[in-house]
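The values are calculated or read from the model by the stated rules, or taken from the named source; none is laboratory data. Predicted model, so just to flag it, every value in this text is computed and none were measured. Positions of Cβ are generated from backbone atoms using ideal geometry, with glycine treated the same way; all protein chains shown enter the neighbour counts. Keep in mind that these areas ignore ligands, DNA and RNA; they rest on the heavy atoms of the full protein, side chains included. Shrake-Rupley method; radii C 1.70, N 1.55, O 1.52, S 1.80 Å.
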Amino acid sequence: MDAIQRYVAPVSLDEAAEILRAGNVTVLAGGTDVMPQTQAGRLRFQPVLMNVRRVPELRGIALEGAVVRIGALVTITELLESPLVRERLNLLWQSCDHFASDQIRNAATIGGNLCNASPAGDTLVPLLVLDAQVVLAGKPNGTLATRRLPLAGFLTGPGRTLRAAHELLTAVEIALPPAGFDSEYFKFGTRPALDIAAISIGLGAVREGRVLRDVRVAFGAVAPTPVRAPRVEAALEGRIADDAAIEAALEAAADEIHPISDIRASDWYRREMVRNMLQRMLCDVREG
Ligand SMILES: Cc1cc2nc3c(=O)[nH]c(=O)nc-3n(C[C@H](O)[C@H](O)[C@H](O)COP(=O)(O)OP(=O)(O)OC[C@H]3O[C@@H](n4cnc5c(N)ncnc54)[C@H](O)[C@@H]3O)c2cc1C
């Protein structure tokens, strides 16, 4: 483990951004990625360890007009306990219900999940389906500046994002999905509990009679980042989920995923799982 020379716990966003501006900082939120990664030698502590848990601007879940703002420090447990998330962003709620154990959920934050940028990160697939934006703040020139990025552009590879070293992720913003938006999250891991996804699927749409509108699909753990699947969406948009539409969607999915083989599953197995589980989800839509 590398030597930490200074531990800091700022009490405002401004103070945190000032510390980041000076450089050489490891940001610590819940620590459920930072601690195992440093202990395994995959992440080196910077000389300054900054605990951001006392920064009030990073807290809270609020409906602001038609947008839900979720502070970066909101934990998985807080998301599960939020009626707003359960009722209006149910896909995100479902993914939290598949997330680790109570102990991890109490510490793990949505901001940490986003900044860790694992292809298997459980909140990332629903946030992609929900067209989330991330909010970043920093003081590159001495004045606090904020910018917003679509999540799809923010994630650039395994463990990589467009967050600059001087920036904190402050929040995620999600426009409320249209009325009648129905969604389902599927996660498959190799153990029945406490597992990281070998594949995950987020599916959402509005049903107009039997016709699907505003279809949104994303996959996790089958590419360097979680990905939206525009060709699967196009195969289903404006159609009834009949056999032909389902087969077209499955063929499009095979083109849109690029799985690798690792300790959790082979690329072949991941392809089979995506095909079979997407088919099952779409058959449920047809019958539902
Ligand atoms: C036993 C176990 C089970 C797990 N199961 C799951 C699971 O089922 N699904 C899943 O998705 N993940 C799982 N994880 C991974 C982990 O819990 C999540 O990724 C979690 O959301 C990370 O949040 P954190 O607050 O603990 O992040 P931290 O460990 O504190 O930080 C993670 C990274 O984000 C950076 N960071 C954190 N907050 C900010 C911020 N506001 N601004 C800028 N950078 C920031 C940190 O510097 C670090 O690089 C598991 C981990 C463990 C140990």
(request) Report the net charge of residues surrounding residue 80, where surrounding means a beta-carbon distance below 13 angstrom and charges are Lys +1, Arg +1, Asp -1, Glu -1. (result) -4
(message) Quick check: the distance between the Cα centres of region 101-156 and region 1-34, to the nearest angstrom?
(response) 17
(message) Let me check against my output: what whole-number percent is the relative contact order of the chain, with C-alpha pairs under 8 Å and at least 6 apart?
(response) 15
(request) Specify the residue with the greatest mean-square fluctuation among 26, 161, 143, computed from a Gaussian network of the chain linking alpha-carbon atoms under 10 Å apart. (result) 143
(request) Identify, among 158, 28, 279, the residue whose Cα sits farthest towards the positive end of the charge dipole of the chain, taking +1 on the Cβ of Lys and Arg and -1 on the Cβ of Asp and Glu, with the dipole about the Cα centre. (result) 28
(request) Please find the FRET efficiency linking residue 87 to residue 261, where r is the Cβ-Cβ separation and R0 is fixed at 45 Å, and quote it to the nearest 0.05. (result) 0.70
(request) Evaluate E = 1/(1 + (r/R0)^6) for residue 5 and residue 148, where r is the Cβ-Cβ distance and R0 equals 30 Å; express this FRET efficiency to the nearest 0.05. (result) 0.35
(message) At 1.4 Å probe size, with the rest of the protein present, what percent of the exposed accessible area of region 163-270 is carbon and sulfur atoms?
(response) 56
(message) Report the gain in length on full extension from residue 40 to residue 62: 0.36 nm times residue separation, minus Cα-Cα distance, nm rounded to one decimal.
(response) 4.3 nm
(request) Write down the Å³ per residue value for the convex hull defined by the alpha carbon atoms of region 91-241. (result) 122
(request) Compute the FRET efficiency between residue 190 and residue 12 as 1/(1 + (r/R0)^6), taking r as their Cβ-Cβ distance and R0 = 51 Å, and round to the nearest 0.05. (result) 0.75
(message) Per residue, how much accessible surface does region 50-155 expose to a 1.4 Å probe? Answer in Å², no decimals.
(response) 39
(request) Please grab the % of Cα pairs in the chain that end up more than 25 Å from each other. (result) 47
(message) Accessible area of region 76-140 with a 1.4 Å probe: how many percent of it is carbon plus sulfur?
(response) 45
